[in-house]
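For reference, the structure is listed below as structure tokens.
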């Protein structure tokens, strides 16, 4: 029997402990894979992080590579804050700032598995199939209601909440997507076997 694309869970999955800003005060290459399986909520809406990309100020694909600007200034500050930017003038994308102040490194959240507030996400996206709701950085921001108003906010205070994963998942890695510089770096991380990715590994 075909699965109903509008399937709903009787109860939302159990949440792990709340992540604090200190979680992000580490190498971006440690934080990025550790976010796979964590739960990301904005105003109680969101789900399990299934795909991320790491960006470091030493490589040209990072927005911070050429130094601070009014747009990316938050990347040069302390870790544990959000960085939201507009991609191609169309979609909002959300990042988590990592490492010590001045490092200007961040993790782009590329996809989540929706688990909380599916009705709100379906309304915002105009879609029924939960697998398509958050299968890309712009899509998840639209589904979760993330805009520039959510930039430079602490990641451990409302409306944002992050909860640690309850078990260590199998993680796959690959090259990052949609960039033209430093394309050889394998800094994309995903939940192995997940149906909730922006693109297969």
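Values in this text are rule-based calculations from the coordinates and carry no lab data. Note that the structure is predicted; figures quoted are calculated from it, not measured. Virtual Cβ from ideal backbone geometry, glycine too; neighbours counted across all protein chains shown.
What per residue convex hull volume, in Å³, do the alpha-carbon atoms of the stretch 44-201 yield? Walk me through the numbers before you get to the answer.
Numbers: hull volume 18.2 nm³, N = 158.
That works out to 115 Å³ per residue.
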- With -39,500 (n - 2.57) per DSSP H segment of 4 or more residues and division by the full residue count of the chain, the 222 nm estimate, nearest 500 deg cm²/dmol, is -3500 deg cm²/dmol
- Item | Prolate/oblate/rounded label for the stretch 122-201 (Cα gyration tensor, a/c 1.5) | rounded
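Please sort 30-39, 189-198 by packing, taking for each peptide the average over its residues of neighbouring beta carbons within 10 angstrom, highest first. Don't jump to the answer; show the numbers that get you there.
Numbers: 30-39: 21.3, 189-198: 19.3.
Most protected by this proxy first, the peptides run 30-39, 189-198.
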